[in-house]
Amino acid sequence: MSPELIIALLAAAVQGAAPILFATLGEMLSEKAGVLNLGVEGVMALSAFAAFIVCHLTGSAVLGLFAGGFAGALLCGLHALVCQVFLGNQVVSGLALTIFGVGLSDFLGTPYVGVGTEGFRQFAVPLLSHLPMLGPVLFRQDAMVYLVYCAPVAVWFLLNRTSLGLGLRATGEMPAAAAAAGLNPQRLRAFGVMAGGFLCGLGGAYLSLAHTHLWSTGLSGGRGWVAVALVIFAFWRPGRAVIGALLFGGVMAFQLRLQAEGTNVPSSLLLMLPYALTVIVLVFSAARAKYLKTGHSAAPAALGVNIEPEG
Amino acid sequence: MILKIRKREESLGWGVLVVYLGALALALAVCAILLALAGKPALEGLVILFRGAFGQSYSLLDALVKAIPIFLCALGVALSFRMQIWNIGAEGQFALGAVGATFVALSFPGLPALALMPLMFLAAMLAGGAWGLIPAVLRLRLGVSEIISSLMLNYIGILVLEYLVFGAWKDPASFGFPMTAEFVPAGQIAHMGPTLGLSLGKLHWGLLACPLAGVAYSVFLSRTRLGFELAACGEGERVARYAQLPYGFLVLLVMGLGGGLAGLAGCIESSATLGRLQPTVMAGYGYTAIVVAWLARLKPWPIAFTSFLLAALRVGVEVLQLELQIPAAFGQIMEGAILLCVIAGQFFLSYSVTLKRSRPVAAAASKGERA
């Protein structure tokens, strides 16, 4: 392999990692507050369309980006409503959200299949883009990739260095204790779910605004589920999520490159790679947790458990 | 005024029906709004949908045909949901079942129907069951979340099917279309109509699998020791282990059986409806099954009824697609919306909400003094 090819592959890996990282961080926020959200796949699908249509109508990619984020927050707000107010089962509500979101995205998007948008284009960051190796890989990307560089730091800072983050984590570990400390677990959970939804929405927006500049159905393609798996792989830590997302971005870039070059390997086998990798990654993290005996402490203790009303 | 929420002591009785109908109405209203948003006549659309689904006898027959795989998958899914094992891999197990049955049908075309058909069923159930056991083993051995692993196996299972149909199993005479050769007549499940001398459309003998599986499901749950133990495991793994129930064995059993049922559905779909294997066999029945299982609260009779209802909805959406050019995804939206509304509505089944006039603080305090 020539150096140019390696650089191109690595740059593509970063682009592939971006939407997954947004979604992984979003799911992490939600789970840290104690709410399992299996709707990420649907949220990404719908917000990809929201971002596309707003960008298509207004011509502004930035507005599209916000539309994607808000669509994600709104759809996750539905999950919060069903689980927190109506005490619905989080697993089933999340699945319903995925079915609904993917369906809605297909339904609204069908008339626009094949329509292009300007979206975000790549531009070189002055100075930094001239760094050897790192420059072309990291700093000749689009604005959303630069945004995703900040996201893990922001989420880490929010969770570990602010009182809001402390409240979120307390709610995820033991809502009753958080309530006794004068916090409002319901409000904190709703915030975690919707802020997480905003991030997942940015992941979806990336797909239609930067990844492809063309609307097509099924854009999310299982990335939302990968994100749910990566939260486990990351042991609920933003830093490790970066590693996981890059791994997947790399595999996707590799697979796309192979398909483009034309190999003898059938495309169905190549397409299997990310899904098989998800299972492998899960097995790996479970084995590691078992070996280190940290499996139980990593997940928020009250994850998936609804707060029962008093009386 | 404050809202007072209490856990219900007794069940709602007829109120259950009101709650379900209310949830359904809300979901339909959401769908109507979406139709209007897409620039289609909303009310007319719903009318077409219902006329298409329930209007003619042949649409009802069509719904019955579609209800067969949904019912089988939903039973399988419900079995594991009962013990809080979230098997969402019915779609992949269905795919593997279709692959297993096709393997037998293509490998032994010379066998008589009496040998070939049972062999196809067996292969389908084994393949589907094995696919279901993978997440179960991973969960028991390592604690891997079965939700994500079973879902990933859906994608992989469908790609296995496509790999075979686009590759080794492609019919040379199919002009490049991804499909296998047609099964020999002995490997095809016959239509019921000609045998019974009635006009029953596409209804086929695979229907018989439903009452068999349904009865087995309810007998297993209500009459066997393992069935009781399964119900006891519904409280979660820790409780089950504490009570020394065979938790691990039950997880393997429900995932294996669930996979087997979904595999059987895959066999029936490829053998009876298509007569061959092609990618269109994957119609999302495995996901609809999850919706059905939860709507029916995991009970066999409601599962049968709900399977038929959602199958009819699919038929209705097909008509809607033809008449108003509405994308097929509309069916998915309806399923998602109905499930969301019903989950929310189920709150009212276990909790009562009453409005209470809050007493002024002063009055409450003075009352306290007197007491």
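A short reminder: the numbers here are calculations on the coordinates, not readings from a lab. The structure presented is a predicted model; accordingly, all values stated were derived computationally and were not measured. Because the Cβ atoms are built from the backbone with ideal geometry, glycine has one as well, and the counts that use them run over all protein chains shown.
Listed values, structure above:
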{"read-out": "Amide proton proximity set for A:LEU214, modelled H, under 5 Å, gap of 5+", "value": "A:THR117"}
{"read-out": "Charge dipole of chain A about the Cα centre (unit charges at C-beta), most positive-ward option of A:GLN15, A:PRO266, A:LEU138", "value": "A:LEU138"}
{"read-out": "From phi via Karplus (6.51, -1.76, 1.60), per-residue ³J(HN,Hα) for the stretch A:100-114 in Hz, x at Gly/Pro", "value": "5, x, 5, x, 5, 4, 5, 4, 6, x, 3, x, 9, 4, x"}
{"read-out": "Neighbour-count ranking [beta-carbon atoms within 10 angstrom, fewest first] of A:ARG237, A:ARG187, B:ARG314, B:ARG223", "value": "B:ARG223, A:ARG187, A:ARG237, B:ARG314"}
{"read-out": "Gap separating the Cα centres of the stretch B:183-206 and the stretch B:19-61, nearest whole Å", "value": "31"}
{"read-out": "Theoretical FRET efficiency, 1/(1+(r/R0)^6), r = Cβ-Cβ of B:PHE249 and B:PHE108, R0 25 Å, to 0.05", "value": "0.15"}
{"read-out": "Modelled label reach - B:LEU355, point 7 Å along Cα→Cβ, the stretch B:1-44 residues with backbone N closer than 16 Å", "value": "B:1-5"}
{"read-out": "Separation between Cα centres of the stretch A:117-164 and the stretch A:204-276, rounded to whole Å", "value": "19"}
{"read-out": "The stretch B:65-87 and the stretch B:138-167: distance between their alpha carbon centers, rounded to Å", "value": "17"}
{"read-out": "The stretch A:3-298: C-alpha gyration tensor shape, a/c 1.5 cut-off, then a/b vs b/c", "value": "prolate"}
{"read-out": "Cβ-based net charge around B:PHE71, under 14 Å, with every Lys or Arg adding one and every Asp or Glu removing one", "value": "+2"}
{"read-out": "Fewest-first sequence of B:HIS204, A:HIS130 by Cβ atoms within 10 Å of each Cβ", "value": "A:HIS130, B:HIS204"}
{"read-out": "Value of Rg to Rh for the stretch B:65-303 (Rh from inverse mean 1/r over Cα pairs, i.e. Kirkwood)", "value": "1.00"}
{"read-out": "Globularity index of the protein assembly as shown, i.e. its alpha-carbon radius of gyration over 2.2 N^0.38 Å", "value": "0.99"}
{"read-out": "Hits among aspartates and glutamates - C-alpha to C-alpha of B:LYS7 under 17 Å, sequence gap 8 or more where chains match", "value": "A:GLU308, A:GLU310"}
{"read-out": "Additional length obtainable on full extension of the chain from A:LEU147 to A:ALA287, 0.36 nm per residue less Cα span", "value": "47.1 nm"}
{"read-out": "Coil-residue trypsin sites (Lys or Arg not before Pro) of the stretch B:229-302, DSSP, other Cβ within 10 Å capped at 15", "value": "B:ARG297"}
{"read-out": "Most positive-pole-ward Cα, B:ALA115, B:ALA209, B:GLN278, against dipole of the stretch B:65-303 from beta carbon charges", "value": "B:ALA209"}
{"read-out": "Amide H partners (placed H, <5 Å) of B:HIS204, local residues excluded", "value": "B:MET192"}
{"read-out": "Förster radius 56 Å - calculated FRET efficiency between A:SER2 and A:PHE157, Cβ distance, rounded to 0.05", "value": "0.90"}
{"read-out": "Label point distance in nm, B:SER11-B:ALA231, each placed 7 Å from Cα along Cα→Cβ", "value": "1.2"}
{"read-out": "Net length gained if the chain between B:TYR58 and B:ALA42 were fully extended (0.36 nm per residue, minus Cα distance)", "value": "3.3 nm"}
